[in-house]
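One structure below.
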Amino acid sequence: MLQLTDLHISRLFPARWAEAVVTRANAAGTDLIVVTGDFIDGSVAMRRADVAPLRALRAPDGVYAIPGNHEYFFDYAAWMRHLDGLGFRMLPNSHAVLSRGDAQLVLAGLTDLSAPSVGQPGPDLDSALRGAPAGAPVVLLDHQPRNAAAHGVALQLSGHTHGGVAPGFDRLFARANGGFVSGRYDVAGMTLYVGNGTGLWPGFAVRLGRPSEMTRFTLHAAGPDLNPRAPASSDRP
């Protein structure tokens, strides 16, 4: 599974950058691609050409995504329709079930914490998991890590923090994000992974010692001596 997050496609990261991201993501050869929010900065009219390369993302089990806070800043409904049209299966407070023979994996997604401020439903894990097969491991996509949800979830993938941007800033970001800024955390037996972001917010386009990333996860079936909640490994290609 490959995670992209915080693309922030904009005048700073235009179509040619999006094309390079798609080329590298597809070359990773993963079964599944997920995007954990903040695709853009700008309206659909402003960014239509710049996001067009995302239509070429390909993975055998599909390309799934959730909104980040920036999708709510620029006409949430319009962006959800447009991203759906580009081939993303959006998972706002909903889930999909992936199968391998008799085994199943639940891929669930949440809306962003900023959603209620624009009259949209806030994150609701119960709604996201309603009807999911009992006993199947759950991978949760949640843009912001601050309310990391351990109950019933094996792995949560988040972004939003940009890895803390630079040394020193990470302490400020930690205060606003439940202490979660970059990398892997254990949350009551659940694995939380917070990506540094694939792009940068153009309003504060700074990185120092916090490299951008797309992150590949290898999931293994749990055995009697393995924690069924934890992915075996992750790496940043």
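The values are calculated or read from the model by the stated rules, or taken from the named source; none is laboratory data. Note that the structure is a prediction, hence the values are computed from the model and not measured. Neighbour counts are summed over all protein chains in view; Cβ atoms, including those assigned to glycine, are modelled from backbone coordinates with ideal geometry. The area values use the complete protein model at the heavy-atom level, side chains included, leaving out ligands, DNA and RNA. Shrake-Rupley method; radii C 1.70, N 1.55, O 1.52, S 1.80 Å.
Counting protein heavy atoms only, the chain has 54 percent of its accessible area on carbon and sulfur, 1.4 angstrom probe.
Taking all Cα pairs closer than 8 Å and separated by 6 or more residues, the relative contact order of the chain comes to 19 percent. Simple point charges give the picture: +1 on the Cβ of Lys and Arg, -1 on the Cβ of Asp and Glu, and for the chain a dipole about the Cα centre of about 440 debye.
Helix 15-27 and the longest principal axis of the Cα set of the chain meet at an angle near 20°. Calculated FRET efficiency, residue 96 to residue 58, Cβ-Cβ distance, R0 = 25 Å: about 0.90 to the nearest 0.05. Available extension along the chain between residue 11 and residue 184 is 59.2 nm, counting 0.36 nm per residue and deducting the alpha carbon span. Summarise the long-distance tail of P(r) for region 1-107 by giving the % of C-alpha pairs beyond 24 Å. Result: 21 percent of Cα pairs exceed 24 Å. Just to be sure I understand: if I project the alpha-carbon convex hull of the chain onto a plane and average over all orientations, what area do I get in nm²? The directionally averaged projection comes out at 12.4 nm².
Here is how the number arises for the chain: DSSP H runs of 4 or more residues each give -39500 (n - 2.57), the sum is divided by the residue count, and the result at 222 nm is -5500 deg cm²/dmol. Between 122, 131, 178, the Gaussian network model of the chain with springs among Cα atoms under 10 angstrom shows the greatest mean-square fluctuation at 131. With contacts taken as Cα pairs under 8 Å and at least 6 residues apart, region 83-157 reaches a relative contact order of 28 percent.
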